[in-house]
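Values in this text are rule-based calculations from the coordinates and carry no lab data. Small disclaimer: the values here were computed from a predicted structure and weren't measured. Cβ sites come from the backbone with ideal geometry, for glycine too, and all protein chains shown count toward neighbours.
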Amino acid sequence: MSEKEAINTEVIERIKQTNDNNNIGIAGEYYIASLLSYYGCVTTITLGRAKLFDILAVTPNNKSVKIQVKTTLKKDKKRMLFTSSAEDPKNIQNNLFYVFVKYIPENMEYWVINSIELAEYSKYIDAKWHSGLKKDGTLRKHGTIRNFHLKMRYTCPEDWPERLNSYYKNIGKILNYNK
């Protein structure tokens with residue numbers, strides 16, 4: 001293991017040991033902000049001062065965008081969580097994007113999805129989930145947690161693998177935003 005890999009592993013282990021989800025989230029926000037800056041965006045991280053988004057950016061074509069970042073440290077994670085607030089009409093905006101980040105320094109992965117697409121997906125998977133029954137035969141209760149699946153599941157739309165692939169490492173969705 002190289003010195004750089006050892007340092008990355010040590011940092012990740014410290015974050016896991018402190019079990020501080022806030023630090024994990026902030027690490028993902030800084031990663032995405034640095035990526036956007038690299039590609040010519042002017043970015044600012046809100047550090048929790050904005051309820052709806054974590055990053056405010058101005059793209060190279062001078063358009064402002066808002067970005068909500070969801071981060072995990074787990075390599076084998078098959079889904080990432082978000083809330084049903086993504087379905088709220090006031091939270092569905094052309095210039096709002098969600099970025100789901102697997103923060104693994106040796107192999108960073110992320111998926112970029114517009115809030116309009118995420119709201120449609122969220123409604124679909126929620127309806128599909130609630131059309132079934134619990135193991136005891138009773139109806140499932142409505143909750144506020146939603147899953148952004150990183151693998152195909154029965155609750156996902158049939159074209160989910162193709163759509164998921166189109167979101168994968170597609171920072172261009174944000175860079176080329178032009179509404």
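To the nearest whole percent, what portion of all C-alpha pairs in the range 74-148 is separated by more than 20 angstrom?
So the portion of pairs separated by more than 20 Å is 42 percent.
Based on DSSP H assignment, which helices of the chain show an axial Cα extent of at least 18 Å together with a mean Kyte-Doolittle hydropathy greater than or equal to 0.0?
Length and hydropathy pass: 21-38.
How much length would be gained if the chain were fully extended between residue 163 and residue 84, taking 0.36 nm per residue of separation minus their Cα-Cα distance, in nm to one decimal?
Separation in residues times 0.36 nm, less the Cα-Cα distance, equals 26.4 nm.
Can you give me the relative contact order of the range 3-175 as a percent, contacts being Cα pairs under 8 Å and 6 or more apart?
For the range 3-175, the relative contact order is 19 percent.
Counting other C-beta atoms within 10 Å, which of 154, 31 has the fewest, and how do the rest follow?
Listed from fewest to most nearby Cβ atoms, that is 154, 31.
If packing is taken as the mean number of other Cβ atoms within 10 Å per residue, what is the order of 112-120, 44-52, 22-30, 71-79, highest first?
Averaged packing, sorted descending, gives the order 112-120, 22-30, 71-79, 44-52.
Figure the gain on full extension for residue 34 and residue 2 (residue separation times 0.36 nm, minus the Cα-Cα span) and round it to one decimal in nm.
Gain in length upon complete extension: 9.2 nm.
Full-extension gain between residue 94 and residue 109, please, as 0.36 nm times their residue separation minus the C-alpha to C-alpha distance.
3.0 nm is the gain from fully extending residue 94 to residue 109.
Compute a Gaussian network model of the chain, connecting alpha carbons closer than 10 Å, and tell me which residue from 95, 107, 62 fluctuates the most.
Residue with maximal mean-square fluctuation among 95, 107, 62: 107.
Amide H to amide H under 5 Å from residue 79: which residues, 5+ apart in sequence or cross-chain, H placed 1.01 Å off N in plane?
When sequence neighbours closer than 5 places are left aside, the close amide H contacts are 150.
In Å, what Kirkwood hydrodynamic radius results for the chain from the alpha-carbon pair distances?
In the chain this quantity evaluates to 17.4 Å.
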